[in-house]
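Inspection log for the structure reproduced underneath, given as structure tokens.
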Amino acid sequence: MSDCLFCKIAAGEIPAKKVFEDDDVIAFHDIHPVAPVHLLLVPKIHIDSLAHATAEHQALLGKMLLLTSKLAAEQGLSDGYRTIINTGHGGGQTFFHLHMHIIGGTPLSTHVSEISTQ
Ligand code: 5GP
Ligand code: ZN
């Protein structure tokens, strides 16, 4: 996927404010944060969206979910945080490489629709 922004960030071809990286995933600050902390957690392999994930990605997806608490703690989000995966055009996805938003640092509404990444 030579044309994919998150593949390029994962490959180090486009710079990002990286906070974590291992063989499977990379996490970095969103370029247009909607809250004081707004990270993107991205698998290094290209998966178009959550709807394109399959059973072979089960461990990777579980790893990503479990990583959020570590990343949030490192950002000082001791009071909690929100995770968002926008899926498909109808779900508000604008970059078609699966990614998880990790958002916090300000009181968030209990209404999930009240915080947008756009
Ligand atoms: P989506 O709407 O697909 O769920 O989220 C895409 C996110 O990527 C948006 O929050 C947007 O601000 C972020 N983004 C777009 N381009 C860049 C970029 O070049 N660098 C970084 N760090 N984030 C980006
Ligand atoms: Zn990609």
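Only one of the listed residues (L77, L98) is in a loop (DSSP other than H, G, I, E, B), touching a Gly at 6+ places or on another chain (Cβ under 8 Å) and modelled with pLDDT of 95 or more. That residue is L77.
The condition of being farther than 13 Å from M100 by Cα and away from ligand 1 (no atom under 14 Å from the Cβ) holds for only one of H32, H52, H57, that being H57. Remark: I103 falls outside the filter, which requires a residue to be within 14 Å of ligand 1 (Cβ to nearest atom), among the β-branched types (V, I, T), part of a helix (DSSP H, G or I) and in contact with a strand residue (DSSP E or B) (Cβ under 8 Å, 6 or more places away or on another chain). The residue of the range 18-29 that is farthest from ligand 1 (Cβ to nearest atom), among those that are touching a strand residue (DSSP E or B) at 6+ places or on another chain (Cβ under 8 Å) and farther than 19 Å from T94 by Cβ, is D24. Residues that are touching a His at 6+ places or on another chain (Cβ under 7 Å) and more than 16 Å from ligand 2 (Cβ to nearest atom): does the range 60-80 have at least one? There is no residue in the range 60-80 that is touching a His at 6+ places or on another chain (Cβ under 7 Å) and more than 16 Å from ligand 2 (Cβ to nearest atom).
Note on the range 1-17: residues that are more than 9 Å from ligand 1 (Cβ to nearest atom), small (G, A, S) and within 15 Å of the chain's Cα centre (by Cα) amount to 1.
Any chance the range 67-86 includes a residue that's under 13 Å from the mean Cα position of the chain (by Cα) and farther than 16 Å from H101 by Cβ? So far as the range 67-86 goes, no, none of its residues is under 13 Å from the mean Cα position of the chain (by Cα) and farther than 16 Å from H101 by Cβ. When G105 is tested against the conditions (1) on the phi > 0 side of the Ramachandran plot; (2) free of Cβ contacts under 8 Å to residues at least 40 places away in the same chain, the lone failure is (2).
Only one entry in S109, S69, S113 is part of a helix (DSSP H, G or I) and at pLDDT below 95, namely S113.
The values are calculated or read from the model by the stated rules, or taken from the named source; none is laboratory data. Since we're looking at a predicted model, the values are computed, not measured. Here the Cβ is made from the backbone with ideal geometry for all residues, glycine too, and neighbour counts use every protein chain on show.
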